[in-house]
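The values are calculated or read from the model by the stated rules, or taken from the named source; none is laboratory data. Small disclaimer: the values here were computed from a predicted structure and weren't measured. Positions of Cβ are backbone-derived with ideal geometry, glycine not excepted, and every protein chain shown enters the neighbour counts. Surface accessibility is based on the protein's heavy atoms, side chains included, excluding ligands, DNA and RNA. Shrake-Rupley method; radii C 1.70, N 1.55, O 1.52, S 1.80 Å.
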Amino acid sequence: MDILSSLMGGFATALTPMNLLYALIGVILGTAVGVLPGIGPAMTVALLLPVTYVLEPTSAFIMFAGIYYGGMYGGSTTSILLNTPGESSSVVTAIEGNKMAKAGRAAQALATAAIGSFVAGTIGTTLLVVVTPIVVEFAVSLGSPSYFAIMMLALLAVTAVLGASRLRGFASLGLGLAIGLVGIDSVTGQRRLTFGQPLLADGLDIVVVAVAIFAVGEALWVAAHLRRTPLQIIPVGRPWMGKQDWKRSWKPWLRGTAFGFPFGALPAGGAEIPTFLSYVTEKRLSKHPEEFGKGAIEGVAGPEAANNAAAAGTLTPMLALGLPTNATAAVMLAAFTQFGIQPGPFLFANEGPLVWALIASLFIGNTLLLLVNLPLAPVWAKLLRLPRPYLYAGILFFATLGAYSVNLQAFDLMILLVLGGLGFLMRRYGLPVLPLILGLILGPRVEGQLRKTLQLSAGDVSGLWSEPIAVIVYVIIALILVWPLLAKVLRRVRPRTAAPAYAGAPAASDSVAARDSASARGTSTTAGGLSGAGTAADQEPPGTGSRHAADTTPANHGQEKS
Amino acid sequence: MSIIVGYVPTAEGTAALDRAISEAHKSQSRLVIINSSRGDAIVDKRYAQAQDISEVTERLEKEGIDHLVLQPVRGNDAANEVLEAAEKYRAELIVIGLRKRTPVGKLIMGSTAQQILLEATCPVLAVKAGA
């Protein structure tokens, strides 16, 4: 009852004409950046941070929430009409969605994506309302050691589980943590990484760093790859769905939501994994499996629902624990700090009206998005004809203006350029941006909790595992870190039974045993690729040259056969 | 010697192509088709896609015309691409399609056709759609 009345209070705040206007601006901007590949909600929120200083925090967050949800909607339009995902979470949508569009069913694909997003977003937000207060209740009882452990888990999980390369992930995390260290140590007052530069003593402004990495880095990266063969967009009318489409869509929507929300709420969930899982599930459960790969509506409905539910799920740890799990949530968390609001378990208690208005605005934004997207999908598609030099020139202009306006000092522009160059190099060498931003935003808070823990235990390291929750979390962390090693060992054990066949068989022979073991190895490699630990398969155990030769030859045979 | 045609997959572009084909028949010269894009937008509807191009080449092969299809994406304006090709392939004639524009629209937007007309060193034939 308490939740309900708080939520109603939130609606009362969010439904004032001004806030409604900000919600509308948010969803329109969000859809636009979602449609355009390369520009995402994280960059948009970062660019808007300086602008929103003049706003009420509530209005600002209502707008950010609109951008966040809008980005998820917009990505599907590009995926379906252009076969280029506008957002990483709509990659799966492109598989079936674009096939549908090519078969002349673009209107239905867009409709099921938009309505599915609405259904999933609404259910996801409802779950958020129900789950978050429970998590908060639990989180308030946590002490510093547990909190430190959970934040470590979030950092490591995002770095190690998401993305293709752990090494690159950790490199990026290290960069973020280092940038977060710049400034005066809050406990001892020592200067860290300031290089004798007094302007660095206050630390680097998160807004400047976020704008540099997201906006300047991306703009430079696109500028380096400006010329590309134009793609053809599939013309489409107003989205609509027939009775049959509804019948085939509603179950995937619900299943997609069920995948999306929990994954979004997990520290390493993100929106990509549940969309993929949803796609695979729909493919298996479909009554029309022959249509998959040729434009099955289930393959659009499920993943699109999953990514919106994941977006709602992501807000659970962010609001309840102050733990962001994706880039947009991280930048929104930075916004909390900029407004002088302390994120964490006490957010609901201290800033109740704001948080509930934010949640209410999610419901409103979701509805607005449906109204904005269904009739206007063809208009959004026109955005893709915008010449990108103009677009990125505008982004750079706003980035510079924003970075300068934070502190009104030219020094920030230098930092913007340097870190923008870093953002460019990270894209050039395939370093993910998310660990950096998380490291930057969570790093100082992780350090704070660590310091607090050690002070409470009088410097005794065992204070770190003095709470049962902390111990459990450390076990999970250990499992995440050890998993690739474990997978490697398991994989090595399996082919070992067949290994004598390699050694015994002459290099050129293709005995049946060798071929069998090779195909077994082949399947284990694919499985490894899916679980994200594929590197283990590439690193062969050290063996003799002849064994390697024997290894590759039958493997090729196996591939030709299959 | 060759005939250059600036092609876009629209009514004007098709009209220009039609005329260029009949000119090529008359003079028995090579037909060079230019369809370019600056390549700075993700979607450019004036850039012909593979299917469209294959239809055009099929037609040219059926009519037995020596042809060359170029689709440069180098960040240059269409006018520059056409003029450059005209020089490179020693054009005897450039065929372009004209859009209907009001004088004010012309004043503001300038035009590809205008630049080609002013800068080309060979005769330019401008064709309108549906004429």
Note, ³J(HN,Hα) from phi for the stretch A:190-197, Karplus 6.51, -1.76, 1.60, rounded to Hz, x at Gly and Pro: 6, 8, 10, 6, 9, 6, x, 9
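Relative to the present Cα-Cα distance, how much length would full extension add between A:Val489 and A:Ile3 at 0.36 nm per residue of separation?
Values: separation 486, 0.36 × 486 = 174.96 nm, distance 4.92 nm.
The A:Val489-A:Ile3 span can extend by a further 170.0 nm.
Considering Cα pairs under 8 angstrom that are at least six residues apart, work out the relative contact order of the stretch A:258-410 and quote it in whole percent. Mind dumping the intermediate values first?
On the way: 144 pairs, mean separation 29.5, N = 153.
Contact order relative to length: 19 percent.
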Heavy atoms of A:Ser466: accessible area, 1.4 Å probe, square angstrom to 10: 80
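Among DSSP beta bridges whose residues both lie in the protein assembly as shown, state the antiparallel percentage, nearest 5. Mind showing how you got there, number by number?
Working: 3 of 22 bridges.
Looking only at bridges with both residues in the protein assembly as shown, the antiparallel portion is about 15 percent.
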Interface B:A - total buried accessible surface [probe 1.4 Å, Å², rounded to 100]: 1400
Apportionment of accessible area to carbon and sulfur, the stretch B:4-50, percent (1.4 Å): 46
Whole-percent carbon and sulfur share, accessible surface of chain A, 1.4 Å: 68
Average accessible area per residue (Å²) across chain A - probe 1.4 Å, nucleic acids and ligands excluded: 43
Shape call, chain A: gyration tensor on alpha carbons, a/c limit 1.5: oblate
Given charges at Cβ of Lys, Arg, Asp, Glu: chain A dipole, positive-most of A:Leu408, A:Val207, A:Gly423: A:Gly423
Cβ-based charge dipole, the protein assembly as shown, positive-most Cα from B:Tyr47, A:Gly70, B:Ala16: B:Ala16
Protein-only accessible surface order, largest first, of A:Leu383, A:Leu479, A:Leu153, A:Leu456 at 1.4 Å: A:Leu456, A:Leu479, A:Leu383, A:Leu153
Cβ-derived FRET efficiency at R0 45 Å, B:Met1 paired with A:Trp250, nearest 0.05: 0.10
Interchain or long-range residues, amide H under 5 Å from A:Ile184's placed H: A:Arg192, A:Gly203
Charge dipole magnitude, Cβ of K and R +1, D and E -1 - the protein assembly as shown, Cα centre, debye nearest 20: 1060
Paramagnetic reach from A:Lys382 (point 7 Å along Cα→Cβ, amide N under 18 Å) across the stretch A:78-115: A:78, A:81-82
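Determine the shielding of peptide A:228-237 by partner chains: average, over its residues, the number of Cβ atoms on other chains within 10 angstrom of each Cβ.
5
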5 angstrom amide H check on A:Leu323, placed H, neighbours 5+ away: A:Met318
3J(HN,Hα) from dihedral phi, the stretch A:37-50, Karplus parametrisation 6.51/-1.76/1.60, rounded to Hz, x for glycine, proline: x, x, 10, x, x, 5, 5, 5, 4, 4, 5, 7, 3, x
Per-residue ³J(HN,Hα) for the stretch B:47-58, Karplus 6.51 cos²θ - 1.76 cosθ + 1.60, θ = phi - 60°, Hz, x for Gly and Pro: 8, 6, 7, 3, 5, 4, 4, 5, 5, 5, 5, 4
Sum of side-chain charges, A:Tyr147 neighbourhood, beta-carbon under 13 Å (Lys, Arg +1; Asp, Glu -1): +1
Three-way shape call for the stretch A:204-269 based on the alpha-carbon gyration tensor, with the a/c threshold at 1.5: oblate
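Fully extended, how many nm does the chain gain between A:Arg192 and A:Glu290 (0.36 nm per residue separation, minus their Cα-Cα distance)? Display every interim value, and only then the final one.
Numbers: separation 98, 0.36 × 98 = 35.28 nm, distance 6.09 nm.
29.2 nm is the gain from fully extending A:Arg192 to A:Glu290.
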Scattering curve values for the stretch A:412-488, log₁₀ I(q)/I(0), Debye with Cα scatterers, q = 0.11, 0.14, 0.21, 0.25 Å⁻¹: -0.53, -0.76, -1.01, -1.14
Accessible-area ranking of A:Arg191, A:Arg168, A:Arg284, A:Arg451, largest first, probe 1.4 Å: A:Arg284, A:Arg191, A:Arg168, A:Arg451
Average partner coverage of B:66-79, which counts Cβ from other chains inside 10 Å: 1
The stretch A:446-481 versus the stretch A:142-197: alpha-carbon centroid distance in Å: 15
Amide H partners (placed H, <5 Å) of B:Leu98, local residues excluded: B:Val127, B:Lys128, B:Ala129
Solvent accessible area, Å² - A:Leu110, 1.4 Å probe, full protein context: 10
Most mobile listed residue (B:Ala79, B:Ala11, B:Ala41) in chain B, GNM with C-alpha springs under 10 Å: B:Ala41
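Given a Förster radius of 56 Å and the C-beta distance between A:Ile184 and B:Thr10 as r, what FRET efficiency does 1/(1 + (r/R0)^6) yield to the nearest 0.05?
Working: r = 63 Å, r/R0 = 1.13.
It comes out at approximately 0.30.
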Normalised contact order of chain A, rounded percent, pairs of Cα under 8 Å and 6 or more residues apart: 24
Inter-label distance for B:Lys128 and A:Val54, nm, one decimal - labels placed 7 Å from Cα along Cα-to-Cβ: 5.1
Mean Cβ neighbour count within 10 Å, used as a protection proxy, ranking A:175-183, A:484-492 highest first: A:175-183, A:484-492
Accessible-area value, A:Phe398, 1.4 Å probe, nucleic acids and ligands omitted, Å²: 110
Peptide B:40-53, shielding by other chains (average Cβ, 10 Å cutoff): 6
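Protein chains only, probe 1.4 Å: how do B:Ser37, A:Ser141 rank by accessible area, largest first? Don't skip to the end; give the middle numbers.
Values: B:Ser37 5, A:Ser141 90 Å².
Solvent-accessible surface, decreasing: A:Ser141, B:Ser37.
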